[in-house]
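Here the structure is laid out as structure tokens; the discussion comes afterwards.
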Amino acid sequence: MNQPTPACERAATTLPLGSTVSGFTVTSKKTLAELDADAYVLHHRASGARLLYLACEDENKAFSIAFKTPPTDDTGVFHILEHSVLCGSAKFPVKEPFVDLIKSSMQTFLNAMTYPDKTVYPVASTNEQDLLNLMDVYMDAVLNPAIYTKRAIFEQEGWHYELDVPEGAPLAAGALRYNGVVFNEMKGALSDPMSVLDDAVNRALFPDTAYACESGGDPRAIPQLTYEQFLDTHARHYNLANSYIVLYGDMEVERELAFLDERYLGDGPRLRDEAERARALQAARDAEADATSGSHSTDGAATKGEPNPLVRQDPLVCDYERVEMATTPDNALVGMAYVIGDAADRKRLVAADVLIDALMGANEAPVKKAILAAGLGGNVVSYTSGDLLQPHTLIILQNAKPEVAREFRRVIEDECLRLVKEGIPRERLAAILANEEFDLRQRDYGYADGVALACDALGTWLYDDADEAATRGIEYGPIYEELNRELDGTYFEDLLRKLVLESEHRALVELVPVADDAAASREEEAELAAAKAAMDDADLQHIVEDVAALRERQEAEDVPEARATLPRLHVSDIGPARPEPQLVIDKQTPIPCLRHDLPTHQLAYALTYFDLSHLSFAELPYVTVLTRLMNQLATERMTAGELDSYVCANLGFLSFTTEVATQPNWKLAHPRLLVSAGALSEKMDALARIPREVWSETVFEDTERMRDVLTQTRIGMEQSFLMNGHSAALARAMSYGSPAAVLTQQLSGVDFYLFLRDLLDNFDDRKEGLCETLRELQARIFTSTGAVASFTGSDEDYRRYWNAAGDLGLSPRTAATKELYVPWPEDKREAFIIPSDVTYLARACDPRTLEIETDGTWSVASSALSYDYLWNEIRVKGGAYGCGFRSPSPRHASFYTYRDPAIDPSLARIEAAGDWLASFDPDADTFEGFIVSCVSGMDAPLKPYALTKRRNAEYFCKTPSGKRAERRQQMLESTPDALRALAADISRIAREAPACVFAGRDAIEASEVDWNVVELMGTDDDE
């Protein structure tokens, strides 16, 4: 059951080397053993399109098309194009085909991504016909988008003016402002100091290249982009000669190749589409000219322009660059970056990644340890940007103290010099390489494998048209074998010397927080005021009319003829539910063990759950502190550094976390501490031994190291509030009505964050008591009483694991039994101030007053509300980057918005959701699409570890056997009448459920809601 899957044999006989299939010539073939796949490179002679096919037995098939898109400015034109081309096309003239696919297909991945030098459009599905449908919509979208005939798409996704006029006032009294989805998205993205620092580093390292530009778009520059420039950029870059296509998985590939050739790549469709695009572009240019000067352009060569060049940066040294940002003092950053070399040198890139991980990947890693010991800041993180023409490593000091930038560089380079002279500890390098073997075998990318591999392949293919470059970025196995051999020499020391000590291409950048958070807004206000001053009443009226026309388009329903063009799947295409082996509870083991019989590629996962219900509520934050410190401190037999290398060399991962299970009676919840570990099959002894050693032998004495770890935890939580505020708002809003959510807040939410800040602010006074508390908790938690194990792996691994584990060193709890008392929830109406230019809003069902039992019908309603009503009202019209409605489990239902420009307009639109659902009257195909997407989402394949966690959660929540099947059947049996019957309950949630906001001060003060305002992240009261 656990043997690696052999490479797919089907393509080996159908795609002979040198053969031509549907206009594609097979120019290369090789086997990639680490992926159990055969890789074929094909070229389409008529169009110039390149194609990589990864043939394997993965049922989760994938397709992607990418274009080389290096920007020349900060307008974010390629990001706006990424959004815009998915807003209708020649063949599929609906407003939102992207959303239509989300709510009607069996997709397991559907998105598009803008990188600093490329734009990628990937999709995945377990159904081959569905994949063809997705390919059809995406290919027409990128090659024949409606942007050429519908300027409103550019205005909606990019930017446009809006005029807020008080009722009864003249137009001249109105306030001019910008709006647009990408404009608002990037306001949120550039509220993150890490993103701002990253941009500044790229400008310092690569000032003469595309990487100096903000590919997502700078809100200060986005309004400089004109419609004509937008169209011209598409015409020059979105052509097949500039494209990179990837197919992946178990498929009849001749069918896909014939489809691409006949529909899009062959001479007939390609030349016809290019001619249509040229005519549309010329018409748009003429209209632009008429609107500005009254003259007509005579340049009819609409598509003859060349794509933007992507050039290498000559080596340079930036000794110091300072950037300022309006943010809190805790967000001070310093970045030290070193260019590694060329993307084609994969061995050097992988080796540099391993090297930086060995030097920086843990608190006991030598360079990170030296930086922390120097007391320059609160945390150090590092990463390698490997998907660029010139990859680089960036080392970031977080929570930096003032004036430490040059000292930061000195500490890095002094420690690197010592390591070059004395040698890098081989146990650390060997441990990192061993850990990489686990990752290669696990192949858990967090989303569809074919999508991840397509993006990785572009890391070399984009910069080199040679066939071997198409697979160079995904061939890791031989490189790791070679690097293991290099451990015997001085390869890594030589690389460190060249990369850091002898670097001729590096940059030191400091991000300095400033108190004046109004500077940027004043600059924008002045720009808008100047623009308005140059307008007369006719211009202002034109803005009002344009916005009205845009709203009319956004509110208009797609006509039946347009909807009929979309490819559809039917319920009959879904097939039966994916079978899962029955969960077996083995009670012959020292503690009950949940046994999962799942294929794992010769890996095993061991999880141990420890009961926390005997602790007091006030002790729970200390449990989370305990989990953060486990695996970070010395044990009775090893130093922290030795432990880190030991764990990394023998386990794929080891983590300590907390979980809360809601019981069928929603008023009851059960918290647990979870120890999770994974290992190669040949390391069952380590899998059984190491977690036990850590949980039983960790020594709580090194208070300075404890301070470092907890400071890093605080910084990470603050980063999450800025970038994923909707998740924080959802969790907090749920705590206003759910005891389980109250527990979660105490363990990992805002309440824990406030506890942690207070603990760190008074650490010197509390550290001795903290150590004693943690030792006492350690003794009370890690017992056999209430403990449950879980194992996923082969029968042989299971036997060997328990033979090595024995009783896990656990004995029954001797402390007096207590019952955890959870404070009863209350609606706090909180608005948390964070340093951000966007808002995150959540409104969550209160099960105390809204006795709503959600089921499969609610899942279908969630999809309809999220991708029909809310998408159109809050994202398209309101300009928020994201929004949705969730009903994942009984009595849990909630609304949220993500990177939203304002609070009250979204609240008003949410409050109208029930009214919309009451009149919901979709045609049969549309409604069947909602059912297909919901059921296929439930059936989507999961990696073994993720499936293990889901099944365990169902066990601890006491989910009745067959409940998933019942919910699935309820989805299949849903009707429009059943959804409309939910309208009253949706209205109650939308209007009465407690709400929570994470937002900047200005947005909160502009809201008319009576919020209880909380300064969350140390913002200054006098701002």
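The values are calculated or read from the model by the stated rules, or taken from the named source; none is laboratory data. As the structure is a prediction and not an experimental result, all values here were calculated from the model. Glycine also receives a Cβ, built like all others from the backbone with ideal geometry; neighbour counts cover every protein chain displayed.
Residues that are basic (K, R) and over 22 Å from the mean Cα position of the chain (by Cα) within segment 435-476 comprise R441, R472, listed in sequence order.
A search for C-beta distances below 6 Å between a residue of segment 206-223 that is within 21 Å of D319 (Cα to Cα) and any residue that is in a loop (DSSP other than H, G, I, E, B) and of a type in the set (F, W, Y), counting only pairs 6+ apart in sequence or on different chains, returns A212/F206. Consider segment 232-258. How many of its residues are surrounded by fewer than 17 Cβ atoms within 10 Å (Cβ to Cβ) and part of a helix (DSSP H, G or I)? Within segment 232-258, residues that are surrounded by fewer than 17 Cβ atoms within 10 Å (Cβ to Cβ) and part of a helix (DSSP H, G or I) number 4.
Specify which of the listed residues (E413, E482, E427) is assigned to a helix (DSSP H, G or I), closer than 30 Å to C318 by Cα and acidic (D, E).
Working: E482 fails: closer than 30 Å to C318 by Cα; E427 fails: closer than 30 Å to C318 by Cα.
None of the other options fit; the residue is E413.
Counted as qualifying within segment 790-902 are the strands (runs of 3 or more DSSP E) with 3 or more residues that are surrounded by fewer than 21 Cβ atoms within 10 Å (Cβ to Cβ), namely 882-889.
Scan V367, V317, V354 and give me the residue that is within 27 Å of A210 (Cβ to Cβ) and either outside the structural domain of P835 (by TED's automatic domain parsing) or buried (at least 19 other Cβ atoms within 10 Å of the Cβ) (or both). Let's see the steps before the verdict.
Working: V367 fails: within 27 Å of A210 (Cβ to Cβ); V354 fails: within 27 Å of A210 (Cβ to Cβ).
Of V367, V317, V354, the one residue that is within 27 Å of A210 (Cβ to Cβ) and either outside the structural domain of P835 (by TED's automatic domain parsing) or buried (at least 19 other Cβ atoms within 10 Å of the Cβ) (or both) is V317.
Remark: pairs (first residue in segment 937-950, closer than 23 Å to I102 by Cα; second residue of a type in the set (D, E, K, R) and assigned to a helix (DSSP H, G or I); Cβ separation under 6 Å; 6+ apart in sequence or on different chains) = M938/R968. Residue-level check: of (1) out of contact with any strand residue (DSSP E or B) (no Cβ under 9 Å at 6 or more places or on another chain); (2) within 27 Å of A326 (Cβ to Cβ), E826 misses just (2). Kindly evaluate I65 against the criterion of being under 30 Å from A221 (Cα atoms), of a type in the set (V, I, T) and part of a strand (DSSP E or B). Answer is yes for this residue. Quick check on segment 926-944. Is at least one of its residues in a loop (DSSP other than H, G, I, E, B), charged (D, E, K, R), touching an Asp or Glu at 6+ places or on another chain (Cβ under 8 Å) and assigned by TED's automatic domain parsing to the domain that holds G879? Checked segment 926-944: at least one residue is in a loop (DSSP other than H, G, I, E, B), charged (D, E, K, R), touching an Asp or Glu at 6+ places or on another chain (Cβ under 8 Å) and assigned by TED's automatic domain parsing to the domain that holds G879. Please indicate, with yes or no, whether at least one residue in segment 419-439 is assigned by TED's automatic domain parsing to the domain that holds H392, touching a residue at least 24 places away in the same chain (Cβ under 8 Å), under 30 Å from L51 (Cβ atoms) and not aliphatic (A, V, I, L, M). Yes, some residue in segment 419-439 is assigned by TED's automatic domain parsing to the domain that holds H392, touching a residue at least 24 places away in the same chain (Cβ under 8 Å), under 30 Å from L51 (Cβ atoms) and not aliphatic (A, V, I, L, M).
For segment 603-615, the count of residues that are within 26 Å of A965 (Cβ to Cβ), more than 31 Å from the chain's Cα centre (by Cα) and not charged (D, E, K, R) is zero.
Looking only at segment 353-370, filter to residues that are touching a strand residue (DSSP E or B) at 6+ places or on another chain (Cβ under 6 Å) and of a type in the set (A, V, I, L, M, F, W, C); which one of those is nearest to P478 (Cα to Cα)? Per the criteria, the residue is I356. Screening P207 on (1) under 27 Å from the mean Cα position of the chain (by Cα); (2) in a loop (DSSP other than H, G, I, E, B) shows it passes everything except condition (1).
Scanning segment 158-174 for residues that are touching a residue at least 60 places away in the same chain (Cβ under 8 Å), out of contact with any Asp or Glu (no Cβ under 9 Å at 6 or more places or on another chain) and not in a strand (DSSP E or B) gives G158, W159, V165. Scanning segment 301-358 for residues that are of a type outside the set (D, E, K, R) and without any contact (Cβ under 8 Å) to a residue 24 or more places away in the chain gives a single hit, A301.
What number of residues in segment 615-656 are among the β-branched types (V, I, T), assigned to a helix (DSSP H, G or I) and over 29 Å from T817 (Cβ atoms)? Before you say what the answer is, go through the steps one by one.
Start the filter on segment 615-656 by keeping residues that are among the β-branched types (V, I, T), which leaves 623-625, 627, 635, 639, 647.
Filter once more, so that each one left must be assigned to a helix (DSSP H, G or I): 623-625, 627, 647.
Okay, now just the ones that are also over 29 Å from T817 (Cβ atoms), so 647.
Residues flagged as among the β-branched types (V, I, T), assigned to a helix (DSSP H, G or I) and over 29 Å from T817 (Cβ atoms) within segment 615-656 amount to 1.
All of F920, F927, F956 fail the test of being buried (at least 16 other Cβ atoms within 10 Å of the Cβ) and without any contact (Cβ under 8 Å) to a residue 60 or more places away in the chain, apart from F927.
Residue under question is Y480, and the condition is that it be within 30 Å of the chain's Cα centre (by Cα), farther than 26 Å from F109 by Cα and among the aromatic types (F, W, Y); does it hold? The answer is yes for Y480. Comparison of A779, A741 shows that the only residue that is over 26 Å from P691 (Cα atoms) and assigned to a helix (DSSP H, G or I) is A741. Scanning segment 39-55 for residues that are surrounded by fewer than 24 Cβ atoms within 10 Å (Cβ to Cβ) and touching a helix residue (DSSP H, G or I) at 6+ places or on another chain (Cβ under 6 Å) gives V41, A46, S47, G48.
Residue by residue through segment 356-367, note down the ones that are under 16 Å from E642 (Cβ atoms) and in a helix (DSSP H, G or I).
Quick first cut of segment 356-367, residues under 16 Å from E642 (Cβ atoms) only: 358, 361-366.
A358, P366, listed by residue number.
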